[in-house]
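Participant: Submitted below is the structure of interest, expressed as structure tokens.
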Amino acid sequence: MWGPVRFGFIRSGRLSRRILLLAAAAATAAATIAMPGASAAAAAAQPVPPGLGGRNWTVIPANPKVVALTFDAGANADGVASILATLNRYHVRATFFLTGNFVRDFPAESKAVAAAGQRIGNHSVSHPYFTKLTDAQARDQILTAQSRIRQVTGADPWPWFRFPYGDYNQHMISVVNGTGFVPVGWTVDTLGWKGTSGGITTQAVLNRVLASLRPGEIALMHCGSNPDDHSTLDADALPAVIQNLQARGYSFVTVDALRGLGYHVMTSDGAVRSFGVPGYGSAAGTLGSLKAVGLAVDPKTGGYWILKSNGGVANYNAPWYGSLTGKIPAGTTVTGIAATSSGGYLVLTSYGGVSNFGVPWYGSDTGKLPAGVTAIGLTADPVTGGYWILKSTGGVDDFNAPWYGSLAGQVPGGLSVTGIAGA
């Protein structure tokens, strides 16, 4: 959205009488604008994702070097084609917060955003000041916008919502959460919306992004042109923004990263492929006759450790604390590696032994496993720092971690248990 009325956040400074009147009109009409077939009542509220309620998120709480580029869309679609072309060129995914009126007025561009695989969020129907709305009006703004976006683009903006003008209070956060949505703000506003007539340049846009750079930064940009000079500074600066962030080792995520970053998949030759999260290298081509048998992510750095079949541990953007190289008894294999919330890792062997590296040790199953039973999996409790060992029978043993049950005696014939993971 553009201008103090149309940009999507509150601006200090002088406002023209015309703009003030437009803002008042938008707020007054907020609850009455409707689109046939797009009733808010038809949109069933989903629950807020666990852990995300009660606040307006202005940064992604992540240690890896990631940035979420976000684009608000409301007044016009002048920059959409350029933005999508740039994102496609650099293979970057971003988040677009669309208003209900935007998808009504610019259906082709809205569909193009969805077709490009970009994440879509909810920016209300008509971009009113939410602290001036009744609870019922606010809910209607959110749910009607959700319905319109679904109808036009086929994409569901849930659970992400952005307050127009950045105008909110704690009560309105609770109202938004009541519809199942999570408010997402920004770490930095590029000010590209001010346009060249407002003294902003593409270099200024870039400088602002870099000045606020930190892991998890959420950058606010806009899809439209400035209404006075028709410049599209955010779209024009986007290639330089992406190039400069990549040069500093940053990767790009959508605001879905607020629900947790993605995952890594490893193959036996040590190759690691990353999905939705930065990759930091792999052991491919370095293992010789060895195999990669386990992978654990360092919660502090976002890097990871690869466990090798000889007990060795290779580290990637994560500190190295030691390994079991040369210490594995004959007839024994290493079967798992687990990271803890405090850093460091644990390595499991098939006889139930647990070796600790950079973290406390709470015991193991050494000498406790019946003949024919092996320890096949290990996961750490993020609350206590303890861990659970999964046995080939489906049984689970706990060490400084609460026990909740197991599959002992419940595994159907012909099946085997293969993994365990903490929540």
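The values are calculated or read from the model by the stated rules, or taken from the named source; none is laboratory data. Treat the numbers as computed from the prediction; the structure is a model and nothing was measured. Glycine also receives a Cβ, built like all others from the backbone with ideal geometry; neighbour counts cover every protein chain displayed. These area figures cover heavy atoms from the full protein model, side chains too; ligands, DNA and RNA do not enter into them. Shrake-Rupley method; radii C 1.70, N 1.55, O 1.52, S 1.80 Å.
Participant: Does at least one position in the stretch 152-169 carry a residue that is of a type in the set (A, V, I, L, M) and more than 25 Å from Leu213 (Cα to Cα)? Before you say what the answer is, go through the steps one by one.
Facilitator: Here is the first cut: in the stretch 152-169, the residues of a type in the set (A, V, I, L, M) are 152, 155.
Narrowing further to those that are more than 25 Å from Leu213 (Cα to Cα): 152, 155.
Yes, because at least one residue in the stretch 152-169 is of a type in the set (A, V, I, L, M) and more than 25 Å from Leu213 (Cα to Cα).
Participant: Suppose the filter is buried (at least 21 other Cβ atoms within 10 Å of the Cβ) and either farther than 29 Å from Pro49 by Cβ or modelled with pLDDT of 85 or more (or both); does Tyr280 pass it? First the steps, then the outcome.
Facilitator: On the way: buried (at least 21 other Cβ atoms within 10 Å of the Cβ): no; either farther than 29 Å from Pro49 by Cβ or modelled with pLDDT of 85 or more (or both): yes.
The answer is no for Tyr280.
Participant: Looking only at the stretch 138-158, decide whether some residue is open to solvent by less than 10 Å² (accessible area, probe 1.4 Å), in contact with a helix residue (DSSP H, G or I) (Cβ under 7 Å, 6 or more places away or on another chain), within 24 Å of Gly216 (Cα to Cα) and at pLDDT 95 or above.
Facilitator: Taking every residue of the stretch 138-158 in turn, at least one turns out to be open to solvent by less than 10 Å² (accessible area, probe 1.4 Å), in contact with a helix residue (DSSP H, G or I) (Cβ under 7 Å, 6 or more places away or on another chain), within 24 Å of Gly216 (Cα to Cα) and at pLDDT 95 or above.
Participant: Kindly establish whether Val125 is touching a residue at least 12 places away in the same chain (Cβ under 8 Å), open to solvent by less than 10 Å² (accessible area, probe 1.4 Å), in a loop (DSSP other than H, G, I, E, B) and among the aliphatic types (A, V, I, L, M).
Facilitator: So Val125 fits the description; yes.
Participant: Scan the stretch 87-113 residue by residue and report those that are surrounded by fewer than 20 Cβ atoms within 10 Å (Cβ to Cβ) and part of a helix (DSSP H, G or I).
Facilitator: Across the stretch 87-113, the qualifying residues are Asn88, Arg89, Arg104, Asp105, Pro107, Ala108, Lys111, Ala112.
Participant: Scan Thr335, Thr286, Thr340 and give me the residue that is under 30 Å from Val66 (Cβ atoms) and in contact (Cβ under 8 Å) with a residue 40 or more places away in the chain.
Facilitator: Answer to the selection: Thr340.
Participant: Here's another thing I want to ask about it. I'd like to check something: does the stretch 242-249 contain any residue that is assigned to a strand (DSSP E or B) and under 21 Å from the mean Cα position of the chain (by Cα)?
Facilitator: Checked against the condition, which is being assigned to a strand (DSSP E or B) and under 21 Å from the mean Cα position of the chain (by Cα), the stretch 242-249 yields no hits at all.
Participant: Kindly indicate whether Ala112 is at pLDDT below 95 and either under 24 Å from Ala240 (Cα atoms) or in contact with a helix residue (DSSP H, G or I) (Cβ under 8 Å, 6 or more places away or on another chain) (or both).
Facilitator: Considered against the rule, which asks whether it is at pLDDT below 95 and either under 24 Å from Ala240 (Cα atoms) or in contact with a helix residue (DSSP H, G or I) (Cβ under 8 Å, 6 or more places away or on another chain) (or both), Ala112 comes out as no.
Participant: May I ask you to verify whether Leu133 is open to solvent by less than 50 Å² (accessible area, probe 1.4 Å), under 15 Å from Val184 (Cβ atoms) and of a type outside the set (Asp, Glu)?
Facilitator: Considered against the rule, which asks whether it is open to solvent by less than 50 Å² (accessible area, probe 1.4 Å), under 15 Å from Val184 (Cβ atoms) and of a type outside the set (Asp, Glu), Leu133 comes out as no.
Participant: Is it the case, given these coordinates, that Ala81 is open to solvent by 50 Å² or more (accessible area, probe 1.4 Å) and at pLDDT 95 or above?
Facilitator: yes
Participant: Could you figure out which of (1) touching a strand residue (DSSP E or B) at 6+ places or on another chain (Cβ under 8 Å); (2) at pLDDT below 95 isn't true of Lys300?
Facilitator: All conditions are met except number (1).
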